[in-house]
1. Mind checking which helices (runs of 4 or more DSSP H) fall wholly inside region 12-102 and carry at least 2 residues that are modelled with pLDDT of 90 or more and surrounded by 10 or more Cβ atoms within 10 Å (Cβ to Cβ)?
2. How do the pairs read when you match residues in region 22-51 that are without any contact (Cβ under 8 Å) to a residue 12 or more places away in the chain with residues anywhere that are surrounded by 12 or more Cβ atoms within 10 Å (Cβ to Cβ) and part of a loop (DSSP other than H, G, I, E, B), using Cβ under 9 Å and keeping only pairs 6 or more apart or on different chains?
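The values are calculated or read from the model by the stated rules, or taken from the named source; none is laboratory data. Being a predicted model, the structure only gives us computed values, none of them experimental. Cβ atoms come from the backbone with ideal geometry, glycine included; neighbour counts cover every protein chain shown.
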């Protein structure tokens with residue numbers, strides 16, 4: 001039950017996520033999962049900092065762990081390909097530096 005406030009400038013205590021869940025059973029597991037999904041979607045990270053990049057990686061790993069079957073396998077393959085690209089790039093840089101100073 002909501003009560004009307006006598007102060008019109010008072011902020012509404014409900015969040016935008018609560019507005020999207022109107023009419024749903026709060027104890028239902030699917031509703032709880034949907035709420036968690038909405039909270040992840042509305043979370044804002046500063047992407048221009050190292051912490052922002054790391055939180056993006058954390059979100060990717062958490063979502064990959066929630067997946068199952070072939071989707072989890074594809075996420076693992078994607079991570080391996082990224083690491084392979086970083087390794088090859090680092091190796092090429094080391095070879096370039098070594099060749100520059102030895103010749």
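1. By residue number, 70-102.
2. Within 9 Å, the pairs are 30/24; 31/21; 31/24; 51/45.
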